[in-house]
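Reading through the structure tokens given below for one structure.
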Amino acid sequence: MWTRITKHKGSAYQQIMDQILKKIENGQLQPGDKLPSERMFADFFGVNRTTVVHALDELRGLGILESRQGSGRFISSVTWGDFSEPRIDWRQLISARYDKIVDSYGEKVKEASRKSDFLDLYSSEMPLDVLPNMKMPNYTLEGILKEEQAVSVFGYQPLMAQIRERLIRNNGFSFKKSQLLITGGGQQAIFLILQTILSVGDAIAVESPTFFYRLPLFKALGTRLFGIPMDDQGIDLEKLEEAIHKHKIKAVLVNPNFQNPTGTVMAAERRQRLVALCRKYQLPIIEDDVFADLAFSPEKQASIAPIHAIDPENVLYVGSLSRLLGETTKIGWIVGPTILIQRLSEAQKMMDVSLSIFTQMAATAVFDSSFDQNMASLCQRLEKNSQLLRSWVDSQDFFHLAPLAGGYYGWLTWEGEKFTKVLAERLLREGLGVAPGYLFGEDIGLRINYSRMSPDDLPLFVSRMDKLRTWLEAKEKQ
């Protein structure tokens, strides 16, 4: 009556479900009929009892079976008829790659931030009072419709011209208009690139620690991330070469300027060697350079040569204005070989994720005559905030701060116990939100968004960090 399960035909529990459903459809099982016991089913199908329970629970969840306490399982008589026609099992069709990634710690930060004395140094955005107050021109509907004539598959032409002019002038780039694509932010740019050049299951190398571990897009794409350790000069190239051999790496993704979360700036010599190594193995480099404009000094800014400028044929450059315009106005761009940019533009069009003309016009307005002045003021403000963090670090001998030359993240480390989720949540309850290292692939370390800390916040910050130090030292003695 029942057929034993064979592995090559798919998952065992699904085969069990299919057999029961088939017998219901052909009338061999009627509403109200009692099913054999779980143990008997296990003997019939040649599987363990856990697999049988899984299948029966799935059928009960669909309303096909019902359980009667002390009596066993029966074909449902209440909903009979609903399943007489074959039904698609949507749960089987949904890829596990698209399971929702719940950031439980982030949700707890939001909850804690409702308290008036809470200091949020966890969030990734700069506060509004730090951002430059950029004025947007008034648009009429007629004007917006008229400007749509200037939109191509690569983006809004005036915006592209502004970005191209700045990259050529400030970064030493040399590229054609057909080598630039406007995207809905830096993350969308990376998503487009990986979706185009990689297949499901392909491996890429990233720095460790890195905020890329937090992005669900890699899981959605089925991409495997392998973290490569860093030092104060950037990614460890010996470890990278080992990973290339061991994991069959297909691309290298780096955040070389004011790296998130450590703030590290990859040294010029390390950039040259990275390019040489990736040329050797014919691996593309994806350069995520969204923090490049946030150097504290013009001298530091001038000394940062993008990796793309070293090897424009093999390095895909990703930039963004989203840090300045906030979460609701995401603007990014990709610079790369014409053949790839054309394919990326086609992929963006097929997915219908191209930007609205209004968003691109608003971004174009940012690049007016006051842009450089606004950025200089912002960097001065960020440097002042960084001094608050530096002064505190210098006043104690437990926490260590990675060098700061730009951006708005500080990376704190110490010698000793891990900064566990339990400790992070305990610190939340004390009124301080930080980004623990485990979110970025590291056990020891935490990220501070110092753009969100004012002089008035310093006493609260210091008292909370003193408590954290006490907890960590106590754990060391246990």
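The values are calculated or read from the model by the stated rules, or taken from the named source; none is laboratory data. What you are looking at is a predicted structure, and each value in this text was computed from that prediction instead of being measured. Cβ sites come from the backbone with ideal geometry, for glycine too, and all protein chains shown count toward neighbours. Accessible surface is based on the protein model in full, side chains and every heavy atom, while ligands, DNA and RNA are left aside. Shrake-Rupley method; radii C 1.70, N 1.55, O 1.52, S 1.80 Å.
When the range 88-143 is examined, which residues are found to be among the acidic types (Asp, Glu), modelled with pLDDT of 85 or more and open to solvent by 60 Å² or more (accessible area, probe 1.4 Å)?
Glu107, Glu111, Asp117, Glu125
Do any residues in the range 411-429 that are over 25 Å from Asp117 (Cβ atoms) have Cβ atoms under 6 Å from those of residues that are of a type outside the set (A, V, I, L, M, F, W, C) and open to solvent by 40 Å² or more (accessible area, probe 1.4 Å), where the two are at least six apart or on different chains, and which pairs are they?
Cβ pairs passing all conditions: Thr413/His400; Gly416/Glu476; Glu417/Lys475; Glu417/Glu476; Lys418/Asp443.
What strands (runs of 3 or more DSSP E), lying completely within the range 173-266, carry at least 1 residues that are aliphatic (A, V, I, L, M) and open to solvent by 20 Å² or more (accessible area, probe 1.4 Å)?
Because the criterion is at least 1 residues that are aliphatic (A, V, I, L, M) and open to solvent by 20 Å² or more (accessible area, probe 1.4 Å), the strands (runs of 3 or more DSSP E) in the range 173-266 that meet it are 224-231.
Collect the residues in the range 367-389 that are of a type outside the set (S, T, N, Q) and within 16 Å of Val130 (Cβ to Cβ), keeping them in residue-number order.
Met375, Ala376, Leu378, Cys379, Arg381, Leu382, Glu383, Lys384, Leu388, Leu389, listed by residue number.
Return the residues of the range 19-31 that are open to solvent by 30 Å² or more (accessible area, probe 1.4 Å), at pLDDT below 85 and either in contact with a Cys (Cβ under 7 Å, 6 or more places away or on another chain) or within 16 Å of Leu59 (Cα to Cα) (or both); say none if nothing qualifies.
Residues satisfying the conditions are Leu21, Lys22, Glu25, Gln30, Pro31.
Residues in the range 436-462 that are over 20 Å from Ile228 (Cα atoms) and not polar (S, T, N, Q): how many?
12
Going through the range 273-304 one residue at a time, which ones are open to solvent by 50 Å² or more (accessible area, probe 1.4 Å) and modelled with pLDDT under 85?
Pro298, Glu299, Lys300, Gln301, Ala302, Ser303, listed by residue number.
Of all residues in the range 390-447, how many are hydroxyl-bearing (Ser, Thr, Tyr), outside any helix (DSSP H, G or I) and either open to solvent by 10 Å² or more (accessible area, probe 1.4 Å) or over 12 Å from Pro209 (Cβ atoms) (or both)?
4
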